[in-house]
Structures are given as structure tokens and as C-alpha cells.
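Inspection log for the structure reproduced underneath, given as C-alpha cells.
The values are calculated or read from the model by the stated rules, or taken from the named source; none is laboratory data. Given the structure is predicted, the values throughout are model-derived calculations rather than measurements. Ideal geometry is used to build each Cβ from the backbone, glycine not excepted, and the neighbour counts take in all protein chains shown. Side chains are part of the model used for accessible areas, which takes the heavy atoms of the whole protein and leaves out ligands, DNA and RNA. Shrake-Rupley method; radii C 1.70, N 1.55, O 1.52, S 1.80 Å.
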Amino acid sequence: MWNNRIVSTVDEMGSEYLELVEVFYDSDGHPYAYGRATIGGEDVEGLYTQVERFKKSLDSPILKYPEHFTGDVNK
């Protein structure tokens, strides 16, 4: 399973950095990996769908990496 979520990381300068990304979950429902922040689709309607998913994810709690993830995330 996956959904879009905000993930908080720390950049090279030690500052918090937020990304809106696809988060992937293990069979127990725990986040284990996430992908790069992107938006894409096969057509404009697909882009609208992605934007709507992104908007919904803004209401979910922010996931902190690595604290909330069970796997070794390779961005």
C-alpha cells in the first residue's frame, strides 16, 4: 500500500526539510520507504488526480525520517 504524505528530514546544513512524497507501507501498515517528491501522470487528468492526493496529504500528520520508518529508505 502507498499514499502521499509529508516527510520531514534533516538536510546537509542540519535544517528540517519537508517533502510531499509517496510513502510505502509494510504488511503491518508501518511506513518503510518513500520516493522522491514528484508529480506525474499520463495526461492532464492524471496530474489533477495527483494534485488532489497531495492536497489530502496536507491534513495527515508529518512523518519523520528515520523515526517513523521501519526500512532502509533509499531515496
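Over 22 Å, how big is the tail of the calculated P(r) for the chain, in percent of all Cα pairs?
Summing the P(r) tail past 22 Å for the chain gives 24 percent.
Angle of helix 44-57 to the longest C-alpha principal axis of the chain, folded into 0 to 90 degrees and rounded to 10: 40°. In whole percent, and with a 1.4 Å probe on the protein chains, what portion of the accessible area of the chain is carbon and sulfur? The nonpolar share, carbon plus sulfur, comes to 52 percent.
Could you calculate the FRET efficiency of residue 15 with residue 68 from 1/(1 + (r/R0)^6), where r is the beta carbon distance between them and R0 is 22 Å, rounded to 0.05?
On the way: r = 19 Å, r/R0 = 0.86.
After rounding to 0.05, the efficiency reads 0.70.
Using the 1.4 Å probe convention, the accessible area of the chain works out to 72 Å² per residue with neighbouring protein chains retained.
Hey, in the GNM for the chain with a 10 angstrom Cα cutoff, which one of 20, 58, 47 fluctuates hardest? Of 20, 58, 47, the Gaussian network model singles out 47 as fluctuating most. Among 59, 43, 28, 11, the sequence by solvent-accessible area, most first, with a 1.4 Å probe is 59, 28, 43, 11.
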